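A.B. asks: Quick one: the structure is below, and I'll ask about it shortly.
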Amino acid sequence: MRSPDPAFSTRVERCFRGGAATYQSNASLQAAVAARLARLARPLASALPPGPRADLGAGSGLLARAIEAQLGGPSLLRLDACEALLAQESSPGPALQRLWNLNAGLPEELKGSSLLASSFALQWLEQPAQQVTRWCNALRPDGALLLAVPCRGSFRIWHQAAAAAGVPCTALPLPDAAALQQCAASALQLHHSQLLRFSRPNRGARPFLHQIKAIGAQASPAARLQPGALRQLIRHWPGPEHAIVWQVLVMVGQKR
């Protein structure tokens, strides 16, 4: 688990700012997971209490738009620490967008929320399990939490290549799915909780790392590899018969 590091939060924002202009055209997995999460929440449309709704770490609004299309009802407030990403979505207007660092907790206005949603954002925060507890506590009774987050076990070939090359693995340390499930289950009635496996073709280290950078997701607490170490990593990267795999936890639950 990462310890609090304000400098890392700044680095995350800077990386996403650099990839903001091309984020939506490159984030196909994020878009697919957002659509799936919204569909899973559709049975809750008539069961949610009144109250604020928000997309936490909304980025360019992929999840917020998917939820609004599936559930109807009030629009979601989009919260994100990257202004450039928020600016990629012009339709909701500034009243529904808030520049906000989620490591500082939630805005006061989201206490007693009807719905809190987050997709591919929790992994960038300090102490992810504690953040889930915080979000559950902010819900009113019968309020819903919708969550999708890549978890430990993703990118095995990256870790294996680094070990074989004898160089540090600079992949972002990802949260443990079981710990997140336990935190959510202590406060919510879970309607859906599943660790999904998504695989993508492995075209080599350089294309993979370029794709990560294209959406601004290259930030890591680890120092960047020096050119010689990077060459070693590329040399030891597995062949195309080994897919690149994401392990993504998807949860939908309601406050007891």
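The values are calculated or read from the model by the stated rules, or taken from the named source; none is laboratory data. Just so it is clear, the model here is predicted, and its values are computed rather than measured. Cβ: placed from backbone, ideal geometry, glycine included. Neighbour counts: every protein chain shown.
A.B. asks: Out of Arg140, Arg197, Arg152, I need the residue that is farther than 22 Å from Tyr23 by Cβ, touching a Ser or Thr at 6+ places or on another chain (Cβ under 7 Å) and among the basic types (Lys, Arg). Which one? Spell out the reasoning first.
C.D. replies: Working: Arg197 fails: touching a Ser or Thr at 6+ places or on another chain (Cβ under 7 Å); Arg152 fails: touching a Ser or Thr at 6+ places or on another chain (Cβ under 7 Å).
Just one listed residue meets the conditions, Arg140.
A.B. asks: Ok, one more. Report, ordered by the first and then the second residue, all pairs with beta carbons closer than 9 Å, sequence separation of six or more or different chains, a first member in segment 108-124 that is surrounded by fewer than 23 Cβ atoms within 10 Å (Cβ to Cβ), and a second member that is among the acidic types (Asp, Glu).
C.D. replies: These pairs meet every condition: Ser114/Asp142.
A.B. asks: Output the residues belonging to segment 133-151 that are outside any loop (DSSP other than H, G, I, E, B) and farther than 16 Å from Leu63 by Cβ.
C.D. replies: Thr133, Arg134, Cys136, Asn137, Ala138, Leu139, Arg140, Pro141, Asp142, Gly143
A.B. asks: Shifting gears a bit: In this structure, is Ala165 under 19 Å from Cys82 (Cα atoms), out of contact with any strand residue (DSSP E or B) (no Cβ under 6 Å at 6 or more places or on another chain) and of a type in the set (Gly, Ala, Ser)?
C.D. replies: Values: under 19 Å from Cys82 (Cα atoms): no; out of contact with any strand residue (DSSP E or B) (no Cβ under 6 Å at 6 or more places or on another chain): yes; of a type in the set (Gly, Ala, Ser): yes.
No, not satisfied.
A.B. asks: Right, here's the next one. Which condition does Ser75 not pass, out of (1) of a type in the set (Gly, Ala, Ser); (2) crowded, with 21+ Cβ neighbours inside 10 Å; (3) more than 17 Å from Val252 (Cα to Cα), if it passes all the others?
C.D. replies: If we test Ser75 against (1) of a type in the set (Gly, Ala, Ser); (2) crowded, with 21+ Cβ neighbours inside 10 Å; (3) more than 17 Å from Val252 (Cα to Cα), just (2) comes out false.
A.B. asks: Additional query: Can you list the helices (runs of 4 or more DSSP H) lying wholly within segment 166-256 that have 3 or more residues being within 22 Å of the chain's Cα centre (by Cα) and at pLDDT 95 or above? Lay out the reasoning, then the answer.
C.D. replies: Numbers: elements: 177-185, 205-214, 227-235.
Hits in segment 166-256: 177-185, 205-214.
A.B. asks: What's the total number of residues in segment 48-72 that are under 22 Å from Arg256 (Cα atoms) and outside any helix (DSSP H, G or I)? Show your work before the answer.
C.D. replies: Of the residues in segment 48-72, the ones under 22 Å from Arg256 (Cα atoms) are 48-56, 67, 71.
Okay, now just the ones that are also outside any helix (DSSP H, G or I), so 48-56.
The number of residues fulfilling the criteria is 9.
A.B. asks: Would you mention how many residues in segment 57-83 are among the hydrophobic types (A, V, I, L, M, F, W, C) and over 18 Å from Arg39 (Cα atoms)?
C.D. replies: Taking segment 57-83 first, the residues among the hydrophobic types (A, V, I, L, M, F, W, C) are 58, 62-64, 66-67, 69, 71, 76-77, 79, 81-82.
Then keep just the ones that are over 18 Å from Arg39 (Cα atoms); that gives 77, 79, 81-82.
Matching residues across segment 57-83 total 4.
A.B. asks: Then there is this: Kindly indicate which of Ala129, Ala95 is touching a Cys at 6+ places or on another chain (Cβ under 9 Å) and either in a loop (DSSP other than H, G, I, E, B) or of a type in the set (Gly, Ala, Ser) (or both). Give the derivation first.
C.D. replies: Details: Ala95 fails: touching a Cys at 6+ places or on another chain (Cβ under 9 Å).
Unique residue meeting the criteria: Ala129.
A.B. asks: Let me ask another. With respect to Ser154, determine if the residue is part of a strand (DSSP E or B), in contact (Cβ under 8 Å) with a residue 40 or more places away in the chain and hydroxyl-bearing (Ser, Thr, Tyr). Lay out the reasoning, then the answer.
C.D. replies: Working: part of a strand (DSSP E or B): no; in contact (Cβ under 8 Å) with a residue 40 or more places away in the chain: yes; hydroxyl-bearing (Ser, Thr, Tyr): yes.
Taking the combined requirement at face value, the residue does not satisfy it.
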